[in-house]
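Novice: I have a structure I would like to understand better, so I am pasting it below and will then ask my questions one at a time.
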């Protein structure tokens, strides 16, 4: 009887510690492997893997329990409570070790650590934790805890400050956000020392006061210019909304669309200054006015003609959908567009004035020829939908397994 062969997709962590020559013979192929774990007894089997790329290999004892975690894991003083034997941890995401974790627990209960992501640990445990790391793919940061410790995100406003005792010390493991301008006298009165392991976002009006409280500079600081209103979501300014803006200077974190019904006079009156971290989509007729409001050399701007057709997710473009367009439009793709082979090339040419591609467009060669002639921004990919990769046929009696996060063979 023929041996049943198995084929695996990409595997994040592959445990070969209990593999045998016989079990290896059942494997036809494996995709890419991020971390391959083997024991001393199975080290000789690693070379028999019919695999793509292997990022890193790690050796540990057969009997050591392995736990796989993803997302955010917080190790506090009770994390190892009741654990009878050391464990080997495979972590993908963010691992935070709190300051009150006993060093003896790290020493006795953690036999090894594979870290893929961000590791935060107290200064006094940094050396011990480093000795447990066998593989680090990401960032390791240590911190000196002071006073109140906030995990995740701290929204710093007057309400939070008023709840603190005067001269408090605050440690933030994550993000400190001061989305509104706070009273600097109140800030200086309430916070004497500040430590941030992560990102700070604040207004320029508060930047100096915050920095004066920090023992060490924050890793990442985003400053909102003085007098600007923060906009954290995608925003479309049409003729109605632009007249109702609460501020004349906008700092946009995400995409900004200026609608076709906005006139130059409206834009000039409603907005004095504009900063956009992502992309501005603006009618071509407003180019001169926009240049007075935003730095076009530092901002990604797409000027569009006719109606704007923005695709941010996934679109299967078929003839009926294209036929509903009344006026030739500008197509902007930040997601994916799959053009049905039945869509006539001359229909595309008639309905589209310009194509700005920041995502992925798949089409037939005839359709691609039209799109190439219409392309403005070319930061995305154009793919020939007729080039279908030949599928592998499984071996007789074999079967396939998809991708896996953690797999034991």
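Novice: Show me the strands (runs of 3 or more DSSP E) entirely contained within the range 329-409 in which 1 or more residues are in contact with a helix residue (DSSP H, G or I) (Cβ under 8 Å, 6 or more places away or on another chain) and either modelled with pLDDT of 95 or more or crowded, with 16+ Cβ neighbours inside 10 Å (or both).
Specialist: Details: elements: 329-333, 336-339, 352-357, 360-363, 375-378, 381-384, 399-401, 404-408.
Filter on the range 329-409 gives 329-333, 336-339, 352-357, 360-363, 381-384.
Novice: Something else about it: Return the residues of the range 25-42 that are at pLDDT below 85, over 31 Å from the mean Cα position of the chain (by Cα) and surrounded by 15 or more Cβ atoms within 10 Å (Cβ to Cβ); say none if nothing qualifies.
Specialist: 27, 28
Novice: What number goes with the only condition from (1) touching a residue at least 40 places away in the same chain (Cβ under 8 Å); (2) over 26 Å from residue 123 (Cα atoms); (3) out of contact with any helix residue (DSSP H, G or I) (no Cβ under 9 Å at 6 or more places or on another chain); (4) surrounded by fewer than 20 Cβ atoms within 10 Å (Cβ to Cβ) that residue 204 does not pass?
Specialist: (1)
Novice: Could you tell me which residue of the range 62-78 is nearest to the chain's Cα centre (by Cα), considering only residues that are touching a residue at least 40 places away in the same chain (Cβ under 8 Å) and within 17 Å of residue 19 (Cβ to Cβ)?
Specialist: 66
Novice: So which residues in the range 123-149 are closer than 15 Å to residue 100 by Cβ and touching a strand residue (DSSP E or B) at 6+ places or on another chain (Cβ under 7 Å)? Step through it out loud before you land on a result.
Specialist: First, the residues of the range 123-149 that are closer than 15 Å to residue 100 by Cβ: 123-125, 128-129, 143-149.
Within the range 123-149, 123, 125, 129, 143, 144, 145, 146, 147, 148, 149 meet the criteria.
Novice: Then there is this: Which residues, taken from the range 275-309, are part of a loop (DSSP other than H, G, I, E, B), over 28 Å from the mean Cα position of the chain (by Cα) and on the phi < 0 side of the Ramachandran plot? Steps first, answer last, please.
Specialist: First, the residues of the range 275-309 that are part of a loop (DSSP other than H, G, I, E, B): 277-279, 294-300, 305-307.
Within this subset, residues satisfying the condition of being over 28 Å from the mean Cα position of the chain (by Cα) are 305-307.
305, 307, listed by residue number.
Novice: OK, next. In this structure, is residue 120 out of contact with any helix residue (DSSP H, G or I) (no Cβ under 9 Å at 6 or more places or on another chain) and modelled with pLDDT under 95?
Specialist: Values: out of contact with any helix residue (DSSP H, G or I) (no Cβ under 9 Å at 6 or more places or on another chain): yes; modelled with pLDDT under 95: yes.
When the stated conditions are applied, residue 120 passes them.
Here's the yes/no breakdown for (1) outside the structural domain of residue 176 (by TED's automatic domain parsing); (2) closer than 19 Å to residue 303 by Cα; (3) not in a helix (DSSP H, G or I):
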position: 218; (1), (2), (3): no, no, yes
position: 233; (1), (2), (3): yes, no, yes
position: 239; (1), (2), (3): yes, yes, yes
position: 243; (1), (2), (3): yes, no, no
position: 251; (1), (2), (3): yes, no, yes
position: 257; (1), (2), (3): yes, yes, yes
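Novice: Something else: Residue 126: outside the structural domain of residue 13 (by TED's automatic domain parsing), in a helix (DSSP H, G or I) and closer than 27 Å to residue 88 by Cβ, yes or no? Steps first, answer last, please.
Specialist: Details: outside the structural domain of residue 13 (by TED's automatic domain parsing): yes; in a helix (DSSP H, G or I): yes; closer than 27 Å to residue 88 by Cβ: yes.
Spelling it out, residue 126 is indeed outside the structural domain of residue 13 (by TED's automatic domain parsing), in a helix (DSSP H, G or I) and closer than 27 Å to residue 88 by Cβ.
Novice: Starting from residues that are over 22 Å from residue 17 (Cβ atoms) and surrounded by 18 or more Cβ atoms within 10 Å (Cβ to Cβ), keep the ones in the range 79-99 and report whichever is nearest to the chain's Cα centre (by Cα).
Specialist: Step one: list which residues in the range 79-99 are over 22 Å from residue 17 (Cβ atoms), which gives 79-82, 93-99.
Among the residues that remain, those that are also surrounded by 18 or more Cβ atoms within 10 Å (Cβ to Cβ) are: 80, 94-99.
On the way: 80: 30, 94: 13, 95: 17, 96: 19, 97: 22, 98: 24, 99: 27 Å.
So the residue we want is 94.
Novice: Something else: Quick one: count up the residues across the range 4-60 that are out of contact with any helix residue (DSSP H, G or I) (no Cβ under 9 Å at 6 or more places or on another chain) and within 19 Å of residue 91 (Cβ to Cβ).
Specialist: Qualifying residue count, the range 4-60: 15.
Novice: Out of curiosity, is residue 102 loosely packed, with under 14 Cβ neighbours inside 10 Å and within 30 Å of residue 175 (Cβ to Cβ)? Walk me through how you get there before you give the answer.
Specialist: Details: loosely packed, with under 14 Cβ neighbours inside 10 Å: yes; within 30 Å of residue 175 (Cβ to Cβ): yes.
Yes: the conditions hold for residue 102.
Novice: Listed residues 343, 355; which is more than 32 Å from the chain's Cα centre (by Cα), under 21 Å from residue 387 (Cβ atoms) and not assigned by TED's automatic domain parsing to the domain that holds residue 265?
Specialist: Details: 355 fails: more than 32 Å from the chain's Cα centre (by Cα).
On inspection, the qualifying residue turns out to be 343.
Novice: Taking the range 86-117 as the region of interest, how many residues are under 26 Å from residue 219 (Cα atoms), in contact with a helix residue (DSSP H, G or I) (Cβ under 9 Å, 6 or more places away or on another chain) and in a strand (DSSP E or B)?
Specialist: 2
Novice: Taking the range 43-78 as the search range and keeping residues that are buried (at least 17 other Cβ atoms within 10 Å of the Cβ) and in a loop (DSSP other than H, G, I, E, B), which one is modelled with the lowest pLDDT?
Specialist: By that ranking, first place goes to 49.
The values are calculated or read from the model by the stated rules, or taken from the named source; none is laboratory data. Source: prediction; values computed, not measured. Here Cβ is always computed from backbone atoms with ideal geometry, including for glycine, and neighbour counts include all displayed protein chains.
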